[in-house]
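The values are calculated or read from the model by the stated rules, or taken from the named source; none is laboratory data. Source: prediction; values computed, not measured. Neighbour counts run over all protein chains shown; Cβ positions are idealised from the backbone, glycine included.
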Amino acid sequence: MRKALELKVETAKPWADCAREAGMSEAGIHKARKQPHVQALFDDIKAQYVQRIETMKKVHEARALEVARELLDQTDNKQVRARMVEFLRREPAGPAVAVQINNGGAGGYEFVRPGSRVVEISVSSDDGSGDHEGE
């Protein structure tokens, strides 16, 4: 059963293919998947897989930085050097800022993606002159 679950997580193949490769029947794997302990095992396998991928990602990012540094140090090509400087100075991706413009009209449904920031700009009655004597 573990083999079929691991195949499903790592290859995203259909359940029938995972069952066949693990030496199980298609009916057997579907019946087993309904059991709580099998569902828990499947969740554990998925969590371990994600952790393994995250670890690999960090290793590959570190190696990419090493290679970029080697290219920067060893090449005489100014274009390659400029690209490596850009690569090494890049900012990590951050959350995007969502800008919404309401142009009059009645209020309605708004959807803001999780992790996004909304900036509201309101129109004031100030004429923009900076003159506040009439207040």
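Taking the condition of being of a type in the set (A, V, I, L, M, F, W, C), assigned to a helix (DSSP H, G or I) and in contact with a helix residue (DSSP H, G or I) (Cβ under 8 Å, 6 or more places away or on another chain), how many residues in the stretch 3-28 meet it?
8
Just to check your reading of the model, which residue among ALA82, ALA96, ALA47 is modelled with pLDDT under 90, under 24 Å from the mean Cα position of the chain (by Cα) and surrounded by 10 or more Cβ atoms within 10 Å (Cβ to Cβ)?
Unique residue meeting the criteria: ALA96.
Can you tell me how many residues within the stretch 31-42 are surrounded by 11 or more Cβ atoms within 10 Å (Cβ to Cβ) and within 15 Å of GLU6 (Cα to Cα)?
Result for the stretch 31-42: 6.
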